[in-house]
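A.B. asks: Below is one structure. I have some questions about it.
The values are calculated or read from the model by the stated rules, or taken from the named source; none is laboratory data. Everything numeric here is computed off the predicted structure, so don't read it as measured data. Glycine gets a Cβ as well: all are built from the backbone with ideal geometry, and neighbour counts include every protein chain shown.
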Amino acid sequence: MSPKGEDDDRDRPSWREIDQKRDRGGGVTPAKPPRVPKKQAERERQLALAQAEALFKGKRTRPEYQADLKKLEAHHGTKKFAATAKKFLEEYGLPEEWGVLTRFLDYPDPRVVVEVLQTMARMFPARSRVEQQGFKGRLKVLALTSSQLEVRRGAEEILAAF
């Protein structure tokens, strides 16, 4: 019988041989992902970023919001406006867009109108000169002619602050 160590060395590869086999890879190489052109990669990154932002912003970035905005603008000045505006307010709350806020100045509920005026007053410094002048004019008209006492007072208070 031969010593135990001699037979084992012949049957097993050395550590050097094991390392060499690993380095060669054995013929199977993992597939590399295809290269994406820089413009396409940037476009995909921007799209993913926009989707992530839309997720955090909530309902206002959804296509339904844009459709409801269009419906609100289409019904402005008609008998359907009050119902459409009420549904919009229940679903989304007050809008952040200046132009849409001006539509709500014709809403029949005076509390909503006063809230719209206050929101627009906060946005006032960031608006263009033409928009500022238009808003001041609208405030003056509401302060003088509104049939709702609450709206008249709200408009007068905002005018006094300017």
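A.B. asks: Pick out, from segment 1-102, the helices (runs of 4 or more DSSP H) lying fully within it that include 1 or more residues that are at pLDDT 80 or above, in contact with a Leu (Cβ under 9 Å, 6 or more places away or on another chain) and among the aliphatic types (A, V, I, L, M).
C.D. replies: Those helices (runs of 4 or more DSSP H) span 81-92.
A.B. asks: Still on this structure, please answer the following. Going residue by residue through segment 72-80, is there one that turns out to be more than 25 Å from I158 (Cα to Cα) and either within 19 Å of the chain's Cα centre (by Cα) or among the basic types (K, R) (or both)?
C.D. replies: Yes: one or more hits.
A.B. asks: Name every residue in segment 112-162 that is surrounded by 15 or more Cβ atoms within 10 Å (Cβ to Cβ), in contact (Cβ under 8 Å) with a residue 40 or more places away in the chain and out of contact with any Gly (no Cβ under 6 Å at 6 or more places or on another chain), in order of residue number.
C.D. replies: V113, A121, V151, G154, I158
A.B. asks: Same structure, new question: In segment 68-84, which residue that is touching a residue at least 24 places away in the same chain (Cβ under 8 Å) and small (G, A, S) is surrounded by the most Cβ atoms within 10 Å (Cβ to Cβ)?
C.D. replies: Within segment 68-84, the subset touching a residue at least 24 places away in the same chain (Cβ under 8 Å) is 68-69, 72-73, 76-77, 81-82.
Subset that is small (G, A, S): 77, 82.
On the way: G77: 10, A82: 14.
Top of the filtered list is A82.
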